[in-house]
Amino acid sequence: MAAARLSESGILRLYRGFLALYPAEFREEYGRELCLVFVDRCREQRSPAGLLMVWLEALTGIFFEAPKEHWNMILHDLRYAIRIMRKDAAVTVAAIAILALGIGSTTLVFSLANGLLLRPLPYAQPERLVAVEEYSPKDPNEKGLVSFPNAMDLSARTQLLENLGVYGGEWRSCTGMARLSRFLESN
Amino acid sequence: MRPSTLSRDTFHILVALADQDRHGYSIMQEIKERTSGAVRLSPSTLYSAVKRLLEQGLIAELEERPDPEHDDERRRYYHLTAAGKRAAMAEAGQLEKLLSDARSRGLAPKRS
């Protein structure tokens, strides 16, 4: 008798586990009833084959009905949301505007973070790229741009850098065109 | 002809509740016995249908159990509402008409 009770409680635990496939709302409403009916059906079986049949029917039912219940819940929630939105149009418009602002600003921040911090630079082996700046020997905090002649000297003598490029945001006058031509040819 | 609005399982449940109020297991047993085992509802199919029928107002849950002395107090009893009776009668009428059409075309045995 104790063994029978034990196996029945084990079967019930297993069946309850499968009921987890249902939406929580359905489970709370009908879970206990489903378990009662399932146990009744198991008790009326006289053979292992009959018990197996009950299990097969129960599992087939769960696998067919649980997705339908999820879908019904989604439809129910959607219908409710649309009804509420139609009832108070001003609040709906304000909510949509706030959502649009929120999504827009989040997208902007992510685009900036992605472009500046996350996405690698569009060059081969970007981890080998370095920026060269000049520091004043008198004051290490005073840093500035590399002058063009210094850049050409660095390019000619450096053993650390494989190559050196120069860019600037302003028009500059250059002197020493012969050196410039050599620099451009070598880069 | 108005298209049928009740599924086969739903109609069976309404028929099971036509003569008396029943709990879930009793509904399943009644259907099984009445159809000689041809229609067997699983607990999941039964309660999904019960949920829909309750939402549609075709059946209702009883406040009190009909026979509290001889059953499990955890069980819920359901009974057929007036709307449920009308829906079941309309469905039966449609099936009767369909059977009559089939009979007149030789697809079903003539009434003796």
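The values are calculated or read from the model by the stated rules, or taken from the named source; none is laboratory data. Here the structure is a predicted model, which means the values were calculated and not measured. We place every Cβ from the backbone using ideal geometry, glycine too, and count neighbours over all the protein chains shown. The area values use the complete protein model at the heavy-atom level, side chains included, leaving out ligands, DNA and RNA. Shrake-Rupley method; radii C 1.70, N 1.55, O 1.52, S 1.80 Å.
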Along Cα→Cβ, 7 Å out, is where each label goes; now give me the distance between the ones at A:Met85 and B:Met89 in nm to one decimal.
4.2
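Need one number: the % of Cα-Cα pairs in chain B sitting beyond the 19 Å mark. Don't jump to the answer; show the numbers that get you there.
Numbers: 3173 of 6216 pairs.
For chain B, the fraction of Cα-Cα distances above 19 Å is 51 percent.
Given a 1.4 angstrom probe, I'd like the percentage of the accessible area of the protein assembly as shown that is carbon and sulfur, rounded to a whole number.
Working: 12770 of 21460 Å².
The value for the protein assembly as shown is 60 percent carbon and sulfur by accessible area.
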Most mobile listed residue (A:Lys138, A:Lys68, A:Lys87) in chain A, GNM with C-alpha springs under 10 Å:
A:Lys138
Mind checking which lysines have their Cα closer than 23 Å to the Cα of B:Lys97? Skip sequence neighbours fewer than 8 apart in that chain.
B:Lys85, B:Lys110
When chain A is treated as a GNM, springs tying every alpha-carbon pair under 10 Å, which of A:Leu118, A:Leu160, A:Leu101 comes out with the largest mean-square fluctuation?
A:Leu160
Go ahead and set up a Gaussian network model of chain B, Cα springs under 10 Å, then flag whichever of B:Ala60, B:Ala38, B:Ala16 fluctuates most.
B:Ala38
Between 0 and 90 degrees, rounded to the nearest ten: what's the tilt of helix A:177-186 against the longest Cα principal axis of chain A?
30
A plus B alone minus the pair: what accessible area, both sides summed, probe 1.4 Å, in Å² to 100?
2000
How do A:Val109, A:Val54 stack up against each other in accessible area, from largest to smallest, with a 1.4 angstrom probe?
A:Val109, A:Val54
Determine the principal axes of the Cα atoms in the protein assembly as shown, then give the extent along each, sorted from largest to smallest and rounded to whole angstroms.
120, 57, 45
Looking at the calculated P(r) for the range A:16-119, what percent of the C-alpha pair distances fall above 22 Å?
60
About the Cα centre of chain A, how large is the charge dipole given +1 on each Lys and Arg Cβ and -1 on each Asp and Glu Cβ? Please answer in debye to the nearest 20.
280
Quick check: residue separation of A:Ala20 and A:Thr60 times 0.36 nm, minus the Cα distance between them. What number comes out in nm?
13.0 nm
